[in-house]
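Throughout, read-outs are computed from the coordinates displayed, never taken from laboratory work. Every value quoted in this text rests on a predicted model; they were computed, and no experiment measured them. So basically every Cβ, Gly included, is an ideal-geometry build from the backbone, and we count neighbours across all protein chains shown.
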Amino acid sequence: MESIITITNYIDGILNSKSFDDYAPNGLQVQGKADIRKIVTGVSATQALIETAIEKKADAILVHHGWFWDKEDPRIVGMKYKRLKLLMDNDISMLGYHLPLDAHPEMGNNAQLAKRLDIQIEDVMDKQGVGNYGRLPEYISLEKFGENIEKSLLRKPTLISGGDHAIRKVAWCTGGAQNWIHQAAEAGVDAYISGEISEHTVHVAREMGVHYIAAGHHATERYGAMALGEHVAAKFGLLHEFIDIDNPA
């Protein structure tokens, strides 16, 4: 058992969360009981995740997509009220880490995705360390790479061909970073991977000659919170369970 303040301070430190210019507050977003025995992790702080955490008798929830985003309605009404009431009625703390959990070089979403897809990381895509450049062990076709991704992430990716070339040099950024395809193409990669796809992404891929792979926002961002939860549990002797609330997006 460990205090929520000690756990939060530790995570803030290893993720260097205070240094990020982000769209939501990172760290402890809702305070619950003082001492933590079990932590549940997940991708997003949804009602379904909170309800499952209650069933699992969790003391804290740690997610990638927390609450209180820029420009959202600040009122505690409707869906937000129901979620917050569930947490507070059950004295459960909630921690959210967005860009810091994308960027961490070992436990981050991008690092964990690279590990699962057997990509060697070579460089970062932006000054905060979000997104990466790297390469595969050998050249592979777009279709075969898509099959490998489906087996690893348990989700069929959308493949947009940018030509007849095979893939070795890649760039990737998990989640909703499809607009970084311009930067990836200008860097000369064979393929760019993210979670989502927009209408214009298809045209950019075709016209700039870079394969685009939309592997799923949720599917590409399962593994950072899972890895961080495992690390924190081992560090403080806590119980940990990752809860995967299915999301086809």
The chain - percent relative contact order, Cα under 8 Å, separation 6 or more: 21 percent
If you rank Thr41, Thr46, Thr6 by fewest surrounding Cβ atoms within 10 Å, what's the result? Thr6, Thr46, Thr41
Could you quote the convex hull projected area for region 107-220, Cα atoms only and averaged over all directions, in nm²? 6.1 nm²
Helix 199-208 axis, angle to the chain major axis (alpha carbon atoms, nearest 10°): 40 degrees
Place a point 7 Å from Cα of Phe68 in the direction of its Cβ. Which residues in region 1-22 have their backbone N less than 16 Å from it? 5, 8-9, 12, 17-22
Could you grab the Rg to Rh ratio for region 161-249? Cα atoms only, Kirkwood for Rh. 1.13
Pop out the ³J(HN,Hα) list for region 56-65 in order, Karplus 6.51 cos²θ - 1.76 cosθ + 1.60 with θ = phi - 60°, rounded to Hz; leave Gly and Pro as x. 7, 6, 7, 9, 8, 10, 10, 9, 7, 9
With Cα coordinates, the longest principal axis of the chain makes an angle with the long axis of helix 142-153, in degrees rounded to 10, of 10 degrees
Where only C-alpha atoms are counted, convex hull volume of the chain per residue in Å³: 121 Å³
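Write down the percent of antiparallel bridges among all DSSP beta bridges whose residues are both part of the chain, to the nearest 5.
Close to 45 percent.
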Interchain or long-range residues, amide H under 5 Å from His65's placed H: Ser44, Ala45
Please work out how many pairs of lysine residues in region 107-220 are eight or more positions apart (or on different chains) and have Cα atoms closer than 21 angstrom. 8
Euclidean distance of C-alpha centroids, region 13-47 and region 63-110, integer Å: 7 Å
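With n ≥ 4 as the cut-off for DSSP H runs, can you work out [θ] at 222 nm for the chain, using -39500 (n - 2.57) per run divided by the number of residues, rounded to the nearest 500? List each step's numbers first, then the result.
Numbers: 10 runs with 93 residues, N = 249.
So the calculated ellipticity at 222 nm is -10500 deg cm²/dmol.
What's the exposure ranking of Leu142, Leu113, going from fewest to most Cβ atoms within 10 Å?
Leu142, Leu113
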Where a Cα-Cα gap under 18 Å defines reach, which lysines qualify for Lys80, not counting those fewer than 8 residues away within the same chain? Lys71
